[in-house]
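These notes are about the structure you will find just below.
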């Protein structure tokens, strides 16, 4: 007697509909494809679908793909909003450096190109999370440094003497770098 199989798993359904989803994303996200590949967007859709697995009930392949298209449209809209927000407030890329002698943040030129967008997105998310964990004064110092402010400008913004501002900048950047290290370890 053969084994009775239940409804397909979400992972199996995602795999079986991958090609159709890639085609759907290529049609729906034409403007985003300059910044992210269709495969990257599909992976994001799959992640969202898996996160909603508890609310998923299989009824038919057609209903599943309809549900998947809703998730895909949400993901595409969120990615579009993300890129528009970056465009409105273009910033330089942060590169956190760490060696035995020094810890700091280096500013790089504005980075573009499809191969660097994923790395930039990850770095920006990591930097934003690390900054959000800092005290307000340290957040302000890191913001000023990332905008290219010199020590004099940091001192003026904080109402400190230049030597005190330099010490505050150094401590804030050390704390920021340690947070980035902690976040990348997880």
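The values are calculated or read from the model by the stated rules, or taken from the named source; none is laboratory data. Please read these numbers as outputs of a predicted model, since none were measured by experiment. Using ideal geometry, Cβ is built from the backbone for each residue, glycine included, and neighbour counts are taken over all protein chains shown.
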Against the condition farther than 29 Å from residue 33 by Cα, surrounded by fewer than 12 Cβ atoms within 10 Å (Cβ to Cβ) and either modelled with pLDDT under 85 or outside the structural domain of residue 30 (by TED's automatic domain parsing) (or both), how does residue 148 come out, does it pass? yes
Residues to consider are 164, 101, 157, 128; find the one that is modelled with pLDDT under 85, surrounded by fewer than 16 Cβ atoms within 10 Å (Cβ to Cβ), in a helix (DSSP H, G or I) and not assigned by TED's automatic domain parsing to the domain that holds residue 34. 128
Considering residues of the stretch 136-154 that are closer than 21 Å to residue 124 by Cβ and not in a helix (DSSP H, G or I) only, the residue farthest from the chain's Cα centre (by Cα): 149
With criteria (1) part of a helix (DSSP H, G or I); (2) surrounded by fewer than 17 Cβ atoms within 10 Å (Cβ to Cβ), residue 5 comes up short on (1)
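Conditions tested, residue by residue: (1) surrounded by fewer than 18 Cβ atoms within 10 Å (Cβ to Cβ); (2) at pLDDT 90 or above; (3) not in a loop (DSSP other than H, G, I, E, B); (4) not assigned by TED's automatic domain parsing to the domain that holds residue 149.
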{"residue": "15", "(1), (2), (3), (4)": "yes, yes, yes, yes"}
{"residue": "32", "(1), (2), (3), (4)": "no, no, yes, yes"}
{"residue": "36", "(1), (2), (3), (4)": "no, no, no, yes"}
{"residue": "43", "(1), (2), (3), (4)": "yes, yes, yes, yes"}
{"residue": "62", "(1), (2), (3), (4)": "yes, yes, yes, yes"}
{"residue": "69", "(1), (2), (3), (4)": "yes, yes, yes, yes"}
{"residue": "76", "(1), (2), (3), (4)": "no, yes, yes, yes"}
{"residue": "80", "(1), (2), (3), (4)": "yes, no, yes, yes"}
